[in-house]
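Participant: Here it is, the structure in full.
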Amino acid sequence: MKNQRTLPVDVDFIICCLFTLASSNQLFRNIDLKKDIYLGIGGGNYLLSNVENFTELSTLLNKSSLRQFAYFLLKPFLSKQNFSFQDRNKNTELTEQTIVFKKYLKKFKYFYKRYFFVKNENYNLLPTEKEMNLFATESLFFVLGI
């Protein structure tokens, strides 16, 4: 029996993360998120319908500027220092990163609900706010390569 490797993050969350970070990329100009991505067998993951799109997806995942931006968003989580509330007010870089990260989470949730969740058609299974934040953050770690 052949062993299948599973991704630590669902493909739909990774694609949503990439769309959130780089919606103007060539990959997303060539595909219609509502038509060109399908549920996999058993409803587990989404699959792109065209082989050329896989190449563009791979190129986008390996793009250094995208990984650098993912690192910028995750930098507060990767830091070994613990900042108190007072330190956060003094540290403008951390404040800026936090604001940008919150905007990323908001945009991720919007795109997921608009383009990816509709394919599920079971509105009772909408992830909670915390779960959506977790999926968005895990996707960033995946894009970063950690």
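Participant: List pairs: first residue in segment 8-23 and over 13 Å from PHE141 (Cα atoms) and of a type in the set (Gly, Ala, Ser), second residue assigned to a helix (DSSP H, G or I) and at pLDDT 80 or above anywhere in the structure, Cβ distance under 7 angstrom, at least six positions apart or on different chains.
Facilitator: ALA22/LEU60; ALA22/LEU66
Participant: Using beta carbons and a limit of 8 Å, which pairs, at least six apart or on different chains, have the first residue in segment 44-71 and buried (at least 18 other Cβ atoms within 10 Å of the Cβ) and the second one at pLDDT below 70 and part of a helix (DSSP H, G or I)?
Facilitator: TYR46/LYS119
Participant: Another question, if that's okay. Could you look through segment 83-122, keep only residues that are over 25 Å from PHE28 (Cβ atoms) and hydroxyl-bearing (Ser, Thr, Tyr), and pick out the one that is modelled with the highest pLDDT?
Facilitator: Only one residue fits best here, namely THR98.
The values are calculated or read from the model by the stated rules, or taken from the named source; none is laboratory data. Bear in mind that the values here come from a model prediction, so they are computed numbers and not experimental data. Here the Cβ is made from the backbone with ideal geometry for all residues, glycine too, and neighbour counts use every protein chain on show.
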